[in-house]
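J.: The structure's right below; bear with me while I get my questions together.
Please treat every number below as a calculation from the coordinates, not as lab data. The shown structure was predicted, so the numbers you read here are calculated from the model rather than taken from an experiment. We place every Cβ from the backbone using ideal geometry, glycine too, and count neighbours over all the protein chains shown.
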Amino acid sequence: MNKKELVEAILKEKALNHLTKKEADLFISTFMDVVRKTTKKGDDVSLVGFGTFSKVRRAARMGVNPATGEKIKIKAKNLPKFKAGKAWKDLL
């Protein structure tokens, strides 16, 4: 499901069928922006029953260039992480 399909699915829900397509799209975009900004600061976004969005630090490490076999240093970096909540895991 992509963002467009998600907007359509939200509009089909009875509790939110009063929203326009533009309002639903704006809500999803705003939600994603807030999650990005919050995790960039280092804070987690926890939605009980759904999951937790967070930032993790991947340490620097040595790797191998598969084309040449040469060893290369891979820099440390921050990555996004999502951990599904128990209710969602139990549902699946």
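J.: What distance in nm separates the simple spin-label points at PHE82 and LEU11, each placed 7 Å from Cα in the Cβ direction?
T.: The modelled label-to-label distance comes out at 2.2 nm.
J.: Enumerate the calculated ³J(HN,Hα) couplings along the range 42-55 in order (Karplus 6.51 cos²θ - 1.76 cosθ + 1.60, θ = phi - 60°), each rounded to whole Hz, writing x wherever the residue is Gly or Pro.
T.: Karplus-based 3J(HN,Hα) across the range 42-55 equals x, 8, 8, 10, 10, 10, 4, x, 10, x, 10, 9, 8, 10 Hz.
J.: Enumerate the amide H contacts of ASP44 below 5 Å, restricted to partners 5 or more residues apart or on another chain; note that Pro and chain-start residues carry no placed amide H.
T.: none
J.: For the chain, what's the relative contact order in percent, using C-alpha pairs closer than 8 Å and at least 6 residues apart?
T.: It comes to 21 percent, rounded to a whole number.
J.: Then there is this: Given the rule -39500 (n - 2.57) for each run of at least 4 DSSP H residues, summed and divided by the residues of the chain, what is its mean residue ellipticity at 222 nm, to the nearest 500 deg cm²/dmol?
T.: The helix contribution divided over the chain gives -12000 deg cm²/dmol.
J.: Across the range 80-92, in residue order, what do the Karplus-derived ³J(HN,Hα) couplings come to in whole Hz, using 6.51 cos²θ - 1.76 cosθ + 1.60 with θ = phi - 60° and x for Gly and Pro?
T.: x, 9, 10, 10, 5, x, 4, 4, 5, 4, 5, 5, 7
J.: Next question, about the same structure. Relative to the longest principal Cα axis of the chain, at what angle does helix 21-40 sit, 0 to 90 degrees, rounded to 10?
T.: Orientation of helix 21-40: about 30 degrees from the principal axis.
J.: Listing THR38, THR68 from the residue with the fewest other Cβ atoms within 10 Å to the one with the most, what is the order?
T.: THR68, THR38
J.: Each residue of the range 61-68 in order: what ³J(HN,Hα) in whole Hz does its phi give by Karplus 6.51 cos²θ - 1.76 cosθ + 1.60, θ = phi - 60°, with x for Gly and Pro?
T.: Ordered by residue, 3J(HN,Hα) equals 7, 9, x, 10, 6, x, 6, 10 Hz.
J.: Moving on to the next point. Report the charge-dipole magnitude of the chain in Debye, nearest 20, computed about the Cα centre from +1 at each Lys and Arg Cβ and -1 at each Asp and Glu Cβ. Walk me through the intermediate numbers first.
T.: On the way: 22 positive and 10 negative charges, 129 e Å.
It works out to roughly 620 debye.
J.: Pairs LYS4/LYS83; LYS37/LYS83; LYS3/LYS83; LYS22/LYS83: which exceed 27 Å Cα-Cα?
T.: The answer is LYS22/LYS83.
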